[in-house]
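Only one structure is covered here, and it is reproduced in the block below.
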Amino acid sequence: MTDSTTVPYVGGQFLYEDLDVESVIGGGSVDGYLYGPLAGVKFFMNDSANLFVEYQYQIFGGDLDDGLDNSHAIMFGIAYLF
């Protein structure tokens, strides 16, 4: 790690989901995937803890694409490094 307490990053994400869906109309199985770019910044409070803010662009495929539009997400939280 550098001596900086602020560390920017970029990356990618991929998630596969297989869901059993229950609804008023009926149930069934839905599967699909989410992928897309992400970027963020970590603010280190000490050597093992940081606050982070992350932007994600989420693109859906498979059955998930039928019910979900591509979306934007902003995530924030605290991370601890073991």
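The values are calculated or read from the model by the stated rules, or taken from the named source; none is laboratory data. Remember, it's a predicted structure, so these values are computed and weren't measured experimentally. Note that each Cβ is placed from the backbone with ideal geometry, even for glycine, and that neighbours are counted across all protein chains shown.
Looking at the range 25-82, what strands (runs of 3 or more DSSP E) fall wholly within it and have at least 1 residues that are surrounded by 10 or more Cβ atoms within 10 Å (Cβ to Cβ) and modelled with pLDDT under 90?
Numbers: elements: 28-44, 49-62, 71-80.
Passing ranges, in order: 28-44, 49-62.
For the range 8-24, what are the residues that are out of contact with any helix residue (DSSP H, G or I) (no Cβ under 9 Å at 6 or more places or on another chain) and either part of a strand (DSSP E or B) or in contact (Cβ under 8 Å) with a residue 40 or more places away in the chain (or both)? Don't jump to the end; show me each part of the working.
Let us first name the residues in the range 8-24 that are out of contact with any helix residue (DSSP H, G or I) (no Cβ under 9 Å at 6 or more places or on another chain), namely 8-16, 18, 20-24.
Pro8, Tyr9, Val10, Gly11, Gly12, Gln13, Phe14, Leu15, Tyr16, Asp18, Asp20, Val21, listed by residue number.
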